[in-house]
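Asker: Below is the structure I would like to discuss, written out as structure tokens.
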């Protein structure tokens, strides 16, 4: 198969990155690289969808690796996985071995799955500041994206998603569900909640969003739902208005610098210094921009806020605000500094078990095995923007009958985006910023 034909298949199938912002995958298949790196690290506490996918579909993951390596001309293909799963992934190791790919075993720390960390661990090279893996000759994809490459090569569009449901539910599990299914569908499949009032961290506790609307849909980038009681400390912290977070930080930060000392990007050698960003909270009238610059290379992993800070302050949120301010002003890090990992890079990794103790979620630390329980919604909601780039444009009309796998939206010509396909048979009942398909 030629690179061009494979790229067309991936574009037609609507494949996007499943581990982050949903970058349209056909752009990566059209590139040239030395390395193909599959991200199976999955470092968000309590989430196991990548693990369960690798257990359930090892041949598809291996085939996706082979196809991407063939398309990009890569000489080495490596899958990054935590060593603690080695015994349970023998079928994947065997499948990868048949294609010449290899596994790089990783430690069980957070955030192993950060793209910059993973690339360094696998290649020993550092991505330039504000760069992408391709700058050092690597293409990185989540293992579910690679599985979707294999489906695309067989002419199958992306209509389902692996999602873990964990936390305060009766039967934590991982499910393959139609894209557009609601959070309520998944929570019901996990046996319902074990608490009264509850909230959900969509995408994980560390980097996900807190949601209370259970009619929200699963998208192509939804990795998991972590259900917690409404009075849990993490929920209460996340519900605090940003203005309050910044006001507390302005009055209480004593510049201990622990947030910086544990920052994974700082430890890799990037000039990220959250404790200096916290100073910006005290300079809102003048001089604020001087301190904002230390946030520009932050990856928003949340480790500073939820683990490192001894006073339970919000340096990650201060960095998020600072990055937004810098973007609005058109300011971007452009330093050409030599990068070198911190001498304590290996000594300051944060074990996931230790992180869970700090988060207060140890009681929810349980397997979330794949469950072949059918989740068959009669209605799905397909947001037109489930990916990086421009929202897709509908190619169907209200009242139109569609079948599972039919194209319902695609990018405008010349625009970065991804196609959307129906995940169920039904009738299009609404088109706005989403397409609703109802089979009732």
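Just so it is clear, none of the values below were taken in a lab; they were calculated from the coordinates. Here the structure is a predicted model, which is why all the values come from computation and not from measurement. Reconstructed Cβ throughout: ideal geometry from the backbone, glycine too, with neighbour counts over all protein chains shown.
Asker: Stokes-Einstein diffusion coefficient for the range 338-440 at 10 °C in a medium of 1.306 mPa s, Rh from the Kirkwood formula over Cα pairs: what value in µm²/s?
Answerer: 90
Asker: Now, a different point. To the nearest 10 degrees, how steep is helix 143-153 against the longest Cα principal axis of the chain, on a 0 to 90 scale?
Answerer: Approximately 30 degrees, to the nearest 10.
Asker: Now for a separate question. Explain nothing, just the number: relative contact order of the range 195-337, from Cα pairs under 8 Å at least 6 residues apart, as a whole percent.
Answerer: Averaging sequence separation for qualifying contacts and normalising by length gives 20 percent for the range 195-337.
Asker: Let me ask something else about it. Return the single residue from 381, 233, 265 with maximal mean-square fluctuation; model: Gaussian network over the chain, springs between Cα atoms under 10 Å.
Answerer: Sorting by GNM fluctuation, first place goes to 233.
Asker: Normalised radius of gyration for the range 240-346, please: alpha carbon Rg relative to 2.2 N^0.38 Å, two decimal places.
Answerer: Numbers: Rg = 13.2 Å, N = 107, 2.2 N^0.38 = 13.0 Å.
Ratio of Cα Rg to 2.2 N^0.38 Å: 1.01.
Asker: A further question follows. For the range 49-85 and the range 204-259, what is the separation of their C-alpha centers, rounded to whole Å?
Answerer: A separation of 32 Å, based on Cα centres.
Asker: From the Cα gyration tensor of the range 206-253, with a ≥ b ≥ c the square roots of its eigenvalues, which class applies: rounded if a/c is under 1.5, or else prolate if a/b is larger than b/c, or else oblate?
Answerer: prolate
Asker: Rank-order 54-63, 395-404 by packing density, defined as the average count of other C-beta atoms within 10 Å over each peptide's residues, highest first.
Answerer: Taking the mean over residues of other Cβ atoms within 10 Å, the ranking is 54-63, 395-404.
Asker: Round to the nearest 10 and give me the degree value, 0 to 90, for the angle of helix 315-329's Cα axis relative to the longest principal axis of the chain.
Answerer: 80
Asker: Right, here's the next one. Which value does Rg/Rh take for the range 380-440 over its C-alpha atoms, Rh per Kirkwood?
Answerer: 0.96
Asker: Over all alpha-carbon pairs in the range 3-153, figure out the percentage whose distance exceeds 18 Å.
Answerer: Result for the distance tail: 52 percent.
Asker: Normalised radius of gyration for the chain, please: alpha carbon Rg relative to 2.2 N^0.38 Å, two decimal places.
Answerer: So the Cα radius of gyration is 0.97 times the expected 2.2 N^0.38 Å.
Asker: If you don't mind, another one. Helix 58-72 versus the longest principal axis of the chain: what is the Cα-based angle in degrees, 0 to 90, to the nearest 10?
Answerer: Long axis of 58-72 versus the principal axis of the chain: about 80 degrees.
Asker: Remind me, relative contact order of the chain in percent, using alpha carbon pairs under 8 angstrom and six or more residues apart?
Answerer: Dividing the mean separation by the residue count of the chain yields 17 percent.
Asker: Ranked highest first by the average count of other Cβ atoms within 10 Å around their residues, in what order do 20-26, 1-7 fall?
Answerer: Going from most to least packed, we get 20-26, 1-7.
Asker: Could you sort 309-317, 253-261, 425-433 so that the peptide with the highest average Cβ count within 10 Å comes first and the rest follow in order?
Answerer: So the order, starting with the most tightly packed, is 309-317, 253-261, 425-433.
Asker: Taking the range 295-379 on its own, what percent of its Cα-Cα pair distances exceed 21 Å? Walk me through the numbers on the way to the answer.
Answerer: On the way: 2060 of 3570 pairs.
So the pairs more than 21 Å apart make up 58 percent of the total in the range 295-379.
Asker: Hey, how many Å between the Cα centroid of the range 336-408 and the Cα centroid of the range 88-164?
Answerer: Spelled out, the Cα-based centre of one part sits 15 Å from the other.
Asker: Can you tell me the length gained on complete extension of the stretch residue 374 to residue 345, counting 0.36 nm per residue apart and subtracting the Cα distance?
Answerer: Going from the current span to full extension adds 6.0 nm.
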